[in-house]
Amino acid sequence: MTDLGSSLLALARGAIEATLGLPVSAVAESPILREPGATFVTLTRQGELRGCIGSLEAHRPLADDVRENARAAAFRDPRFPALTLQDWPKIRVEVSLLSSPQRVDVANEKELIASLQPGIDGLIFTAGHRRATFLPQVWEQLPQPTEFLARLRQKAGLPAAYWGPDVVVERYTVDKWKEAEG
């Protein structure tokens, strides 16, 4: 898996560098990179979020998914201005490879909280046409399940305490790789 992580980080970094007009190193081909995969690419600057975009379902080859999500995190995350050549040397890249989401069958928030595995579960919260996800890494900032859920619902544009008959919750796990700071 370490080789896979190195390849995914190199693909993400290379996609951003190519867009910035920088030379890009080749990444060794591997059959797994041609298989469908769902990833999130997270960019940080001095430990602070600088962009994060991803896919929840595997709908294209893993290599393509990483490249597209890296470019989107760097240049199209609506929360941040597009990354510049001057910003790039200070940016660290993280790639998360998602498992297939599995529906969590619960009747209410109390049952959901009892079933959660903080630090392990990524969650997708859907209600009607509203949908949001938090990667498992978000547990580091929001370790309390009630706060985690409240913020996830707010991210989806719902009231923090929302629960209704239209709620669908799915969970997934990730394998993640992050460049070292420095």
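The values are calculated or read from the model by the stated rules, or taken from the named source; none is laboratory data. On a predicted model such as this, the values are computed, not experimentally measured, just so you know. Cβ: placed from backbone, ideal geometry, glycine included. Neighbour counts: every protein chain shown.
Return yes when A82 is surrounded by 15 or more Cβ atoms within 10 Å (Cβ to Cβ) and either among the hydroxyl-bearing types (S, T, Y) or touching a helix residue (DSSP H, G or I) at 6+ places or on another chain (Cβ under 6 Å) (or both) and no when it is not.
On the way: surrounded by 15 or more Cβ atoms within 10 Å (Cβ to Cβ): no; either among the hydroxyl-bearing types (S, T, Y) or touching a helix residue (DSSP H, G or I) at 6+ places or on another chain (Cβ under 6 Å) (or both): yes.
Answer is no for this residue.
Rundown of residues vs (1) farther than 24 Å from P165 by Cα; (2) in the same structural domain as S7 (by TED's automatic domain parsing); (3) not basic (K, R), yes/no style:
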residue	(1), (2), (3)
L20	yes, yes, yes
T39	yes, yes, yes
T42	yes, yes, yes
G51	yes, yes, yes
G54	yes, yes, yes
A58	yes, yes, yes
A82	yes, yes, yes
R92	yes, yes, no
Q117	no, no, yes
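Only residues that are acidic (D, E) and free of Cβ contacts under 8 Å to residues at least 40 places away in the same chain were counted across segment 38-81, and they come to 4.
On the given criteria, is A10 over 26 Å from F134 (Cβ atoms), in contact (Cβ under 8 Å) with a residue 12 or more places away in the chain and exposed (fewer than 12 other Cβ atoms within 10 Å of the Cβ)?
Working: over 26 Å from F134 (Cβ atoms): yes; in contact (Cβ under 8 Å) with a residue 12 or more places away in the chain: yes; exposed (fewer than 12 other Cβ atoms within 10 Å of the Cβ): no.
It is false that A10 is over 26 Å from F134 (Cβ atoms), in contact (Cβ under 8 Å) with a residue 12 or more places away in the chain and exposed (fewer than 12 other Cβ atoms within 10 Å of the Cβ).
Going by the conditions given, is E181 at pLDDT below 95 and either part of a loop (DSSP other than H, G, I, E, B) or in contact with a Leu (Cβ under 8 Å, 6 or more places away or on another chain) (or both)? Yes. A search for C-beta distances below 8 Å between a residue of segment 166-177 that is touching a residue at least 40 places away in the same chain (Cβ under 8 Å) and any residue that is charged (D, E, K, R), counting only pairs 6+ apart in sequence or on different chains, returns V168/R103; V169/R103; E170/R103; R171/D121; Y172/D121; T173/D121; K176/E94; W177/E94. If I filter segment 26-33 for residues that are touching a strand residue (DSSP E or B) at 6+ places or on another chain (Cβ under 6 Å), of a type in the set (G, A, S) and part of a loop (DSSP other than H, G, I, E, B), do I get at least one hit? No, the conditions are met nowhere in segment 26-33. Checking V24, V41, V66 one by one, the residue that is of a type in the set (A, V, I, L, M) and either surrounded by fewer than 17 Cβ atoms within 10 Å (Cβ to Cβ) or at positive phi (or both) is V24 and no other. Being buried (at least 22 other Cβ atoms within 10 Å of the Cβ) and either small (G, A, S) or touching a residue at least 60 places away in the same chain (Cβ under 8 Å) (or both) holds for only one residue in S30, S96, and it is S96. Working only within segment 149-169, note down all residues that are within 20 Å of R79 (Cα to Cα), in a helix (DSSP H, G or I) and touching a strand residue (DSSP E or B) at 6+ places or on another chain (Cβ under 8 Å). Passing the criteria: R151, L152, R153, K155.
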